[in-house]
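The values are calculated or read from the model by the stated rules, or taken from the named source; none is laboratory data. All values derive from a computational prediction rather than experimental measurement. A quick note on method: Cβ atoms are made from the backbone with ideal geometry, for glycine too, and the neighbour counts reach across all protein chains shown.
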Amino acid sequence: MIHILTRTGWQLALALALVAPALAMSPAEQRGRSFARTNCAKCHSIDRFTESPLKIAPPFRTLHEHYPIETLAEALAEGISTGHPTMPQFQLEPDQINDFLAFLKSLEKRR
């Protein structure tokens, strides 16, 4: 009986560890993460831990080390045509930009 409770406890702890970060995100951060998952995750790491699937694509958690995140707003509005060579061009609407930047900023927070 104790073995079952211990196993169940570990399963619950693991489930909470996986779900809690998403629950802690603001609605804007969640929408930004959804955009990143749909449009960026094939090349970029969009979390705090994994490597980027495409080695030349920087993990999003490191972008703030190279650029002030706020300065990306104009490029996202006009259409990013630089980046890594295989990056498609994106042009986002103002609400999408705010959501995406909120998500990127959430990756800067201490682990």
Exercise for the section: Might you check whether a residue that is buried (at least 16 other Cβ atoms within 10 Å of the Cβ), modelled with pLDDT of 95 or more and more than 22 Å from residue 85 (Cα to Cα) occurs anywhere in the stretch 18-28? Expected result: yes
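Considering every residue within the stretch 80-92, establish whether at least one is modelled with pLDDT of 95 or more, small (Gly, Ala, Ser) and either surrounded by 13 or more Cβ atoms within 10 Å (Cβ to Cβ) or under 18 Å from the mean Cα position of the chain (by Cα) (or both).
As a first pass, look at the stretch 80-92 and keep what is modelled with pLDDT of 95 or more: none.
Checking the stretch 80-92: not a single residue is modelled with pLDDT of 95 or more, small (Gly, Ala, Ser) and either surrounded by 13 or more Cβ atoms within 10 Å (Cβ to Cβ) or under 18 Å from the mean Cα position of the chain (by Cα) (or both).
Is it the case that the stretch 52-59 has a residue that's out of contact with any helix residue (DSSP H, G or I) (no Cβ under 7 Å at 6 or more places or on another chain), free of Cβ contacts under 8 Å to residues at least 60 places away in the same chain and of a type in the set (Gly, Ala, Ser)? Talk me through it step by step, then tell me what you get.
The first filter runs over the stretch 52-59 and keeps only residues out of contact with any helix residue (DSSP H, G or I) (no Cβ under 7 Å at 6 or more places or on another chain), leaving 52-59.
After this cut, where a residue has to be free of Cβ contacts under 8 Å to residues at least 60 places away in the same chain as well, the list is 52-59.
Applying the additional criterion that residues be of a type in the set (Gly, Ala, Ser) yields 52, 57.
Scanning the stretch 52-59 turns up at least one residue that is out of contact with any helix residue (DSSP H, G or I) (no Cβ under 7 Å at 6 or more places or on another chain), free of Cβ contacts under 8 Å to residues at least 60 places away in the same chain and of a type in the set (Gly, Ala, Ser).
If I go through the stretch 32-67 residue by residue, how many of them are among the charged types (D, E, K, R) and part of a helix (DSSP H, G or I)? Give the derivation first.
Filtering the stretch 32-67 for residues among the charged types (D, E, K, R) gives 33, 37, 42, 47-48, 51, 55, 61, 65.
Filter once more, so that each one left must be part of a helix (DSSP H, G or I): 33, 37, 61, 65.
Residues flagged as among the charged types (D, E, K, R) and part of a helix (DSSP H, G or I) within the stretch 32-67 amount to 4.
Among the listed residues 60, 103, 49, 35, which satisfies the condition of being hydrophobic (A, V, I, L, M, F, W, C), exposed (fewer than 10 other Cβ atoms within 10 Å of the Cβ) and modelled with pLDDT of 90 or more? Steps first, please.
Details: 60 fails: exposed (fewer than 10 other Cβ atoms within 10 Å of the Cβ); 103 fails: exposed (fewer than 10 other Cβ atoms within 10 Å of the Cβ); 35 fails: exposed (fewer than 10 other Cβ atoms within 10 Å of the Cβ).
Going through 60, 103, 49, 35 in turn, just one is hydrophobic (A, V, I, L, M, F, W, C), exposed (fewer than 10 other Cβ atoms within 10 Å of the Cβ) and modelled with pLDDT of 90 or more: 49.
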